[in-house]
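Just so it is clear, none of the values below were taken in a lab; they were calculated from the coordinates. Quick caveat: nothing in here was measured; it's all calculated off a predicted structure. FYI the Cβ positions are ideal-geometry reconstructions off the backbone, even for glycines, and counts take in every protein chain you see.
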């Protein structure tokens, strides 16, 4: 499966990628901005809380940066937004797994608590789903642009068959090969009256 297949311009999937990226970016941006508004120290692990999650200045900075990156992806749109969503979603899931093991240890420099871990998993899955929607599946519909790009011969055959069925009077579409003429059988001479 090739992820670099291009999404056609103005395809309805582009809106899913844009809105998903923008929504998740704004959520992260707001969380990071609230951390800055409380003037948290960069690596404080005492458990300052914002929106029910523990945070510090470093986590706020990371949240703002990732939020801005997702919003930039939404502005660009298309495959860029989709690929960016998949990458950021994967990083969120990895972060959740890593922080499960370092919650009560000195390595927890971002001040994660269990609510942060749950949020990391949930947000990662949401962002990842927005990125993969209509793009990564074993059973994409045959009108999906990614399926058409990955199966050009079958897509061309289906398109030709569709055009033949839709042409009025069974006429072939322009540019189609014409069938070979068949031999004429029977009496072709003119009938003479007596």
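Calculate the FRET efficiency for residue 129 and residue 30 from the Cβ-Cβ distance with a Förster distance of 30 Å, rounded to the nearest 0.05.
For residue 129 and residue 30, the calculated efficiency is 0.90.
Using a Förster distance of 35 Å, how high is the FRET efficiency between residue 122 and residue 76, based on the Cβ-Cβ distance and rounded to 0.05?
That gives a FRET efficiency of 0.90.
When N counts the residues of region 12-132, how does its alpha-carbon radius of gyration compare numerically with 2.2 N^0.38 Å, as a ratio?
1.05
By how many nm would the segment from residue 100 to residue 49 lengthen if fully extended, with 0.36 nm per residue of separation less the alpha-carbon distance?
16.5 nm
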